[in-house]
1. Could you go through the stretch 255-264 and let me know if any residue there is under 21 Å from the mean Cα position of the chain (by Cα) and in contact (Cβ under 8 Å) with a residue 60 or more places away in the chain.
2. Hey, among the residues in the stretch 154-197 that are of a type in the set (A, V, I, L, M) and out of contact with any Pro (no Cβ under 6 Å at 6 or more places or on another chain), which one's farthest from Thr270 (Cα to Cα)?
3. Scan the stretch 294-347 for residues that are away from the ligand (no atom under 14 Å from the Cβ), among the aliphatic types (A, V, I, L, M) and farther than 27 Å from Gly263 by Cα and report the count.
4. Considering only residues that are part of a loop (DSSP other than H, G, I, E, B) and under 12 Å from Phe95 (Cβ atoms), look in the stretch 145-176 and name the one that is nearest to the ligand (Cβ to nearest atom).
5. Could you say which residue among Asn18, Asn49 is buried (at least 19 other Cβ atoms within 10 Å of the Cβ), of a type outside the set (Phe, Trp, Tyr) and more than 20 Å from Ser361 (Cα to Cα)?
6. Out of all the residues in the stretch 243-290, which are in a strand (DSSP E or B) and closer than 23 Å to Cys160 by Cα?
7. Run Ala84 past the list (1) touching a Pro at 6+ places or on another chain (Cβ under 7 Å); (2) within 15 Å of the ligand (Cβ to nearest atom) and report the number of the one that doesn't hold.
8. For the stretch 177-198, give me the residue count where each residue is part of a loop (DSSP other than H, G, I, E, B), under 15 Å from the mean Cα position of the chain (by Cα) and among the aromatic types (Phe, Trp, Tyr).
Amino acid sequence: MYDYLVVGAGLYGAVFANQAKAQGKSVLVIDKRPNIAGNVFTEKIEGINVHKYGAHIFHTNNKKVWNFVNRFAEFNRFTNSPVANYKGELFSLPFNMYTFNKMWGVVTPSEAQAKIEEQKKQAGITEPKNLEEQAISLVGTDIYEKLIKGYTMKQWGRPCDKLPSFIIKRLPVRLTFDNNYFNALYQGIPVGGYTKMVENMLEGIDVKLGVDYFDNKSEYDAMASKVVYTGAIDAYFDYRLGTLEYRSVRFENEILDIPNFQGNAAVNYTDSETPWTRIIEHKWFEFGKDEEGNDLPKTVISREYSAEWKPGDEPYYPVNDEKNGALYEQYKELAKKEDNIIFGGRLGEYKYYDMDAVIASALEMSEKELA
Ligand code: UDP
């Protein structure tokens with residue numbers, strides 16, 4: 001008999017399990033995958049930590065979260081600076097003076113500002129109502145057309161005027177020469193990979209992998225006083241009110257016998273014709289070196305294809321539009337009526353969480369729960 005059963009060995013589950021154990025509670029963590037770490041899972045291939053479920057770059061402004069993760073891993077100095085490839089033309093991301101200079105030939109911040117204002121005025125947008133209008137009012141029509149429209153359409157499978165504006169507000173727009181994709185105070189990649197970090201969080205905790213909670217739900221429930229469930233909330237209720245939509249991602253991984261494919265960890269293909277959204281070259285998250293500091297002779301790349309999710313696929317991004325938001329609220333009402341269970345994490349809360357936010361949420365819940 002355990003105090004807690006944690007369903008899902010991703011970040012939310014691992015953080016909660018860690019905190020519960022620290023409070024003297026007994027915990028069993030189960031996961032249907034054969035590995036821990038959920039979507040931050042990294043696997044070593046050719047000496048390179050490959051982000052198997054998509055690139056994860058840790059960044060946060062939350063000092064408490066930063067201090068917390070640093071207990072389980074050392075972080076390197078990686079700074080995310082993706083490059084956008086629009087039909088062979090390269091642009092710096094996020095949108096900054098390098099981008100504006102390449103796009104318009106402008107040299108000073110005031111010239112760039114004037115160009116954006118001019119394009120925004122021409123488009124006649126006063127109060128942006130969707131992602132398209134939001135994007136144009138932030139960076140103008142040229143950047144919208146070349147760097148946002150096609151990429152967003154591919155990533156979400158919907159046109160930009162059918163998407164909420166908050167998605168694009170994730171990206172900074174700067175009138176400085178700063179290619180750092182994030183505004184966060186702290187940023188880096190855990191040395192040795194994310195899997196090792198999560199393993200350290202789960203140290204001394206019972207973990208069972210390759211087991212599906214729903215295959216033996218009542219048996220598992222009977223093993224603990226309380227359940228922390230981090231799977232999809234609609235799956236928990238057997239989709240009885242309908243299925244929440246997700247975007248899924250498919251990766252085509254390739255090992256190449258060359259040391260350098262694209263010279264950067266991330267290159268986004270922002271046109272609408274290229275079928276993949278981006279290519280990740282994993283070795284650059286660790287500066288192309290192995291743990292001894294030697295240059296790695298080979299490289300591993302992942303082409304990322306965005307896809308509509310259907311039951312059986314891996315759910316990645318919650319589609320936070322009105323329809324899905326309303327359905328989630330209904331599931332949340334059902335969840336409130338369940339006894340002895342906590343729903344948490346990206347899938348349990350149907351939320352487009354960054355890693356630091358999911359950790360903050362798990363820490364906050366742990367504090368309440370374990371007080
Ligand atoms: N985006 C874009 N062009 C890019 C990169 C991002 O238009 O080259 C937009 C797109 O709408 C995307 C959003 O910005 O959904 C957020 O991108 P982010 O990189 O934060 O997404 P994630 O890394 O979570 O996939």
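1. So in the stretch 255-264, the residues under 21 Å from the mean Cα position of the chain (by Cα) come out as 264.
Those still in the list that are in contact (Cβ under 8 Å) with a residue 60 or more places away in the chain too: 264.
Yes, the stretch 255-264 contains at least one residue that is under 21 Å from the mean Cα position of the chain (by Cα) and in contact (Cβ under 8 Å) with a residue 60 or more places away in the chain.
2. Pass one, the stretch 154-197, residues of a type in the set (A, V, I, L, M): 163, 167-168, 171, 173, 175, 184-185, 189, 191, 197.
Keeping just the survivors that are out of contact with any Pro (no Cβ under 6 Å at 6 or more places or on another chain) gives 163, 167-168, 173, 184-185, 189, 191.
Numbers: Leu163: 17, Ile167: 16, Ile168: 14, Val173: 17, Ala184: 24, Leu185: 28, Ile189: 25, Val191: 30 Å.
For the stretch 154-197, the residue satisfying everything is Val191.
3. 7
4. Step one: filter the stretch 145-176 for residues part of a loop (DSSP other than H, G, I, E, B), giving 157-159, 163-164, 171-172, 174-176.
Right, trim to under 12 Å from Phe95 (Cβ atoms) and you get 171-172, 174-176.
Details: Leu171: 5, Pro172: 10, Arg174: 15, Leu175: 19, Thr176: 19 Å.
Among them, the one singled out is Leu171.
5. Values: Asn18 fails: more than 20 Å from Ser361 (Cα to Cα).
When all the criteria are applied, what remains is Asn49.
6. Initially, the stretch 243-290 is screened for residues in a strand (DSSP E or B), giving 246-256, 266-269, 278-281, 289.
Across the stretch 243-290, the qualifying residues are Tyr246, Arg247, Ser248, Val249, Arg250, Ala266, Val267, Asn268, Tyr269, Arg278, Ile279.
7. Looking at each condition in turn, Ala84 falls short on (1).
8. 2
Each reported figure results from applying straightforward, stated rules to the coordinates on display, with no laboratory input. Remember, predicted model here, so these are calculated numbers, not experimental data. Virtual Cβ from ideal backbone geometry, glycine too; neighbours counted across all protein chains shown.
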